[in-house]
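Have a look at the structure below before the remarks.
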Amino acid sequence: MGELEEFRKETEAWLDANCPPSMRWSETPGTNPALNDDLAWGGRKATYPNPEVKQWLDLMAEKGWTAPTWPQAYGGGGLSKAEAKILSEEMRRLRIKPPLVGFGLTMIGPLLLEYGSEEQKLRFLNEVCRGEIRWCQGYSEPDAGSDLASLRTRAILDGDEWVVNGQKVWTSYADLSDWMFCLVRTDPDVRKQEGITFLLFDMESPGVSVKPIELISGYSPFCETFLEDVRVPKDQVVGGVNNGWTMAKALLGHERSMISEAFHEREESNQLVDLADKYIGRDVHGRLADATIRDRIAQLTMNKACLDLTLRRSKEAAKQGQQPGPESSIFKYYATELNKDRTALALNVLGPQALGWEGDGFDAAELQATRSWLRARGNSIEGGTSEVQLNIIAKRVLGLPD
Amino acid sequence: MALVLNEDQQLFKNTAADFVKRESPVSRLRRLRDSGDQDGFSRELWGRMAELGWQSIIIPEAYGGLGMGYLDLACVLEECGRNLVPEPLISTLLLGANAVLLGGSEEQKSEILPRVAEGSMLLALAYHERGARYDCCRCETRAERGENGYTLQGEKVLVFDGMAADKLLVSARESGAANDRNGISLFLLDPNAAGVELSAQSTVDTRKAAVLRLSGVEVPAAALLGSSGEAGTVLSEVIDRATAGLCAEMLGSMQGASAMTLDYLKTREQFGVKIGSFQALKHRAVQMFVELELSRSAVLGACDAIDQGSEKTAELISVAKARCSDAAVLIAHEGIQMHGGIGMTDEHDIGFYAKRARACELTFGDAAYHRDRYARLQGF
């Protein structure tokens with residue numbers, strides 16, 4: 001206990017002394033910019049308009065604290081779970097932003113730690129920790145969405161290289177990424193899940209081309225990626241040839257927990273009430289003046305409270321060393337549906353001011369609310385649709401027959 | 001804070017589960033109903049529950065109880081709910097004993113609570129009046145102070161297990177208008193006193209309640225529970241705790257009904273396949289499961305808040321009752337629909353679950369009532 005307390009003191013002192021002012025969240029609720037601003041995604045193509053973002057990344061990477069629990073040999077901090085918890089608690093308390101975000105830390109990194117060769121770990125994890133490489137995910141294809149295992153991008157071995165041909169879609173930030181982790185078909189003659197391989201390649205390889213997709217929200221976070229005779233060295237397979245489906249499932253687990261965690265971390269004042277105060281106002285009894293909207297806000301807030309309690313229950317069980325209970329299966333499904341409800345209700349609160357797309361007469365928050373409603377429609381599609389989630393729970397948790 | 005049961009609680013819960021499974025299948029409730037049992041429960045089983053310490057759980061050690069918490073009590077109530085156990089834990093313990101515990105004098109607590117703990121005294125709280133909906137402080141029954149005590153005049157309805165109770169606790173107004181929180185007092189009343197008339201009510205869930213008519217009933221000054229005119233606050237807190245307990249019972253009943261429905265989906269065949277293989281039913285079955293898991297978290301959150309004396313207790317109780325009310329009704333209605341024709345017959349047990357679910361929903365406030373209350377507590 002004494003050592004941990006010592007660690008907490010040192011950590012707090014170091015963070016407070018070194019973290020630049022712009023890398024701290026504002027204390028005034030509602031004034032923080034969107035999550036993407038002032039966060040380092042890393043990679044060769046990264047630009048840092050705010051130099052303090054890069055400064056904070058380098059300082060933290062030097063201590064290994066961009067990936068606190070990864071071994072030091074791979075660029076991590078080598079911290080114990082208890083120490084990492086202290087670090088994250090102190091960062092939260094001091095309102096410090098994460099020094100680095102992205103798929104390297106949350107997806108491919110953990111997968112390589114578990115399944116990668118020693119050479120792969122040394123090569124890629126160090127780059128991830130220093131923010132020198134940004135990753136994108138090549139899973140979905142035009143004809144392989146929910147039925148991911150039917151993917152057709154083909155890889156054929158030619159000497160020491162795989163030759164890859166096909167098309168990926170919904171590759172997040174492919175245009176800004178340096179490397180792709182990708183599922184390809186290496187054996188078309190076996191059960192569809194058994195002929196898939198997990199491959200890594202450089203996005204600058206000849207034959208790779210990328211085209212952004214414009215979404216209904218007007219943003220383009222996703223791309224189509226075309227692969228034409230892309231040559232990939234043999235040693236860039238993770239987890240063995242034809243073992244890609246196991247890798248994909250392991251990774252999808254990381255993705256789903258990441259998506260549901262993201263909803264949990266935003267402990268904020270009730271923004272819908274703040275919005276309603278601005279656009280609807282109160283009656284003489286101090287209640288929101290629109291009784292139906294008030295009821296819907298209450299319902300949504302209470303639903304969120306139930307989700308938060310369930311996440312807490314799951315975390316406490318994990319802390320006691322229990323296996324994840326059946327409740328953990330609902331997080332992705334329920335958190336995304338809730339976020340859809342929240343962003344949809346916000347437009348009803350705004351009323352006609354939610355009509356804006358651009359131009360005069362709408363403020364930034366109003367325009368953002370409308371875009372967020374559109375963007376959130378995708379929450380229950382990406383990372384496994386709600387319907388697929390329900391199928392999985394029906395089978396694995398409830399044991400209903402096929 | 002703890003939302004996961006510790007080893008002792010898990011053991012306690014397992015013991016309760018075994019007892020309920022062995023002693024009280026749903027068929028027992030059916031027998032009590034069909035035989036026209038006056039009490040609607042078994043006094044013999046009540047005594048054996050006392051031997052297990054169930055009535056002692058939330059009674060402090062100073063009054064012969066175990067001094068445990070609501071998370072512990074929830075373990076028992078959940079298991080009782082699973083098989084629709086009708087013994088009067090809510091009425092005697094959560095309403096009656098809590099009113100004495102939270103509002104009574106030292107002497108009243110010492111006299112009554114040990115007897116509740118040992119299972120030898122049944123209590124009923126007569127607070128609800130026709131038309132009051134969910135307002136426990138709406139009280140038109142009058143108490144006039146006289147030379148040596150009080151005279152009570154008025155009518156109460158839906159006094160849960162009121163016919164079986166050894167002692168009644170009655171709310172009556174000494175001053176103020178019908179809706180005022182102030183001016184209400186609670187009185188201990190002998191059901192056999194002159195001017196007391198009790199008549200039986202049977203509720204949809206085959207439970208028993210009573211209409212209580214008070215015609216110039218004389219009670220001594222010592223019958224006043226706690227302080228004069230201050231029972232509004234006590235009643236609110238008593239109802240809150242009973243609500244948390246009821247939610248734990250509902251959680252158990254939801255599981256009983258869900259298990260029955262899932263079992264049917266896995267065995268019933270139509271069109272040559274198990275009906276549980278149809279995606280239209282699968283997704284709805286998962287919806288029930290999602291609601292159940294969220295309900296469990298809400299119940300644990302509310303009970304934990306009571307145990308910790310959290311300032312968010314009232315909010316969390318509303319979160320739990322709103323969630324459990326909606327979830328229980330969903331599971332009840334889906335249970336009947338998924339059973340198809342057999343679900344409409346009295347012969348099948350799913351109907352008992354559906355009836356109890358609605359009765360619980362409409363007791364201590366439905367989901368809409370608790371959403372409104374939550375919004376008020378949150379200041380919007």
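Values in this text are rule-based calculations from the coordinates and carry no lab data. Keep in mind that what you see is a predicted model, and the values were worked out from it rather than measured. Backbone-built Cβ (ideal geometry, glycine too); neighbour counts: all protein chains shown.
Any idea what log10 I(q)/I(0) is at q = 0.13, 0.18, 0.20 Å⁻¹ for region A:2-129, Debye with uniform C-alpha scatterers and no solvent? The calculated log intensity ratios at q = 0.13, 0.18, 0.20 Å⁻¹ are -0.56, -1.03, -1.21.
Once you divide the Cα radius of gyration of region B:233-377 by 2.2 N^0.38 Å, the number left is 1.15. What does the charge add up to near A:ASP187, with Lys and Arg as +1, Asp and Glu as -1, over the other residues with Cβ less than 11 Å from its Cβ? Every neighbour counted, the sum reads +2.
For region A:2-129, relative contact order (Cα pairs under 8 Å, six or more residues apart, normalised by length) works out to 29 percent. Here's how it looks for A:ILE133: its modeled amide H is under 5 Å from those of A:GLY43, which are all 5 or more places away or on a different chain.
Around the amide H of B:GLY226, modelled in the peptide plane, lie the amide H atoms of B:SER105, all under 5 Å away and 5 or more residues distant in sequence or on another chain. Note the direction-averaged projected area, equal to a quarter of the hull surface, for the Cα convex hull of the protein assembly as shown, in nm². Reported value for the Cα convex hull: 38.9 nm².
For chain B, taking Cα atoms only, Rg and Dmax work out to 20.9, 80 Å respectively. Rounded to the nearest 10 degrees, the angle from helix A:386-396 to the longest Cα principal axis of chain A is 70 degrees.
Beyond 40 Å, what share of the Cα-Cα pairs of chain A remains, rounded to the nearest whole percent? Of all Cα-Cα pairs in chain A, 21 percent lie more than 40 Å apart. Which of the three applies to region A:82-143, rounded, prolate or oblate, going by the alpha-carbon gyration tensor with a ≥ b ≥ c and a/c under 1.5 meaning rounded? It is prolate, given that a/c is not under 1.5 and a/b is the larger ratio. Taking the fewest neighbouring Cβ atoms within 10 Å as the starting point, the ordered list for B:MET344, A:MET107 is B:MET344, A:MET107. Computed from the Cα positions only, the extents of region A:326-402 along the three principal axes stand at 55, 18, 16 Å, in decreasing order. Annotation: the residues A:THR310, B:THR203, sorted from fewest to most other C-beta atoms within 10 Å of their own C-beta, follow the order B:THR203, A:THR310. Summing charges over neighbours of B:LEU188, with a neighbour being any other residue whose Cβ is under 15 Å away from its Cβ, gives -2 when K and R count +1 and D and E count -1. Among the GluC sites (Glu not before Pro) in region A:326-402, those located in a DSSP loop and surrounded by at most 13 other Cβ atoms within 10 Å of their own Cβ are A:GLU358. Relative to the longest principal axis of the Cα atoms of chain A, the long axis of helix A:2-18 lies at roughly 80 degrees. Among complete DSSP H helices in chain B, those whose alpha-carbon atoms stretch at least 20 Å along the helix's long axis and whose mean Kyte-Doolittle hydropathy reaches 0.0 are B:231-267, B:279-308, B:313-339. Computed on region A:133-196, with alpha-carbon pairs under 8 angstrom and 6+ residues apart, the relative contact order is 42 percent. A simple rule links phi to the HN-Hα coupling: the Karplus curve 6.51 cos²θ - 1.76 cosθ + 1.60 with θ = phi - 60°, which for region A:64-79 gives x, 8, 6, 9, x, 9, 6, x, 5, 4, 9, x, x, x, x, 7 Hz, with x for Gly and Pro. For helix A:364-376, what angle does its Cα long axis make with the longest principal axis of chain A, in degrees from 0 to 90 and rounded to 10? That works out to roughly 50 degrees.
For A:LYS278, the aspartates and glutamates whose Cα comes closer than 16 Å to its Cα, not counting residues fewer than 8 places off in the same chain, are A:ASP290, A:ASP363, A:GLU366.
What is the fewest-to-most order of B:GLU155, B:GLU315, A:GLU119 by other Cβ atoms lying within 10 Å of their Cβ?
Values: B:GLU155 15, B:GLU315 22, A:GLU119 9.
Taking fewest neighbouring Cβ atoms as first place, the list is A:GLU119, B:GLU155, B:GLU315.
Residues considered: B:LYS156, B:LYS266, B:LYS13. Largest GNM mean-square fluctuation over chain B, using C-alpha springs under 10 Å, is found at B:LYS266.
In this Cβ point-charge picture (+1 for Lys and Arg, -1 for Asp and Glu), region B:312-380 has a dipole of about 440 debye about its Cα centre.
Work out the length of the dipole vector of region A:175-215 about its Cα centre, built from +1 on the beta-carbon of each Lys and Arg and -1 on the beta-carbon of each Asp and Glu, and round it to the nearest 20 debye.
The dipole magnitude comes to about 240 debye.
Only lysines eight or more places from B:LYS282 in sequence, or on another chain, were considered; those with a Cα closer than 16 Å are A:LYS395, B:LYS266, B:LYS274.
A straight chain from B:ALA194 to B:GLU347 at 0.36 nm per residue would run longer than the Cα-Cα distance by 50.8 nm.
Computed from the C-beta positions of A:ASP341 and B:LEU362 and an R0 of 30 Å, the FRET efficiency is 0.70 to the nearest 0.05.
Computed from phi, the 3J(HN,Hα) profile of region A:335-351 under the Karplus parametrisation 6.51, -1.76, 1.60 (θ = phi - 60°) reads 5, 6, 4, 5, 5, 4, 4, 5, 5, 6, 5, 4, 5, 5, 5, 5, x Hz, with x in place of Gly and Pro. For a straight C-alpha distance cut-off of 23 angstrom, the lysines reachable from B:LYS312 (same-chain residues fewer than eight places away being disregarded) are A:LYS304, A:LYS315, B:LYS321. A cut-off under 15 angstrom between Cβ atoms defines the neighbours of A:ILE293, and their net charge, with Lys, Arg +1 and Asp, Glu -1, is 0. In the distance distribution for region A:269-396, Cα-Cα pairs more than 25 Å apart total 39 percent.
Its relative contact order, with pairs defined as Cα atoms under 8 Å and 6+ residues apart, puts region A:135-242 at 30 percent. Note that region A:135-242 shows a convex hull volume over its alpha carbon atoms of 91 Å³ per residue.
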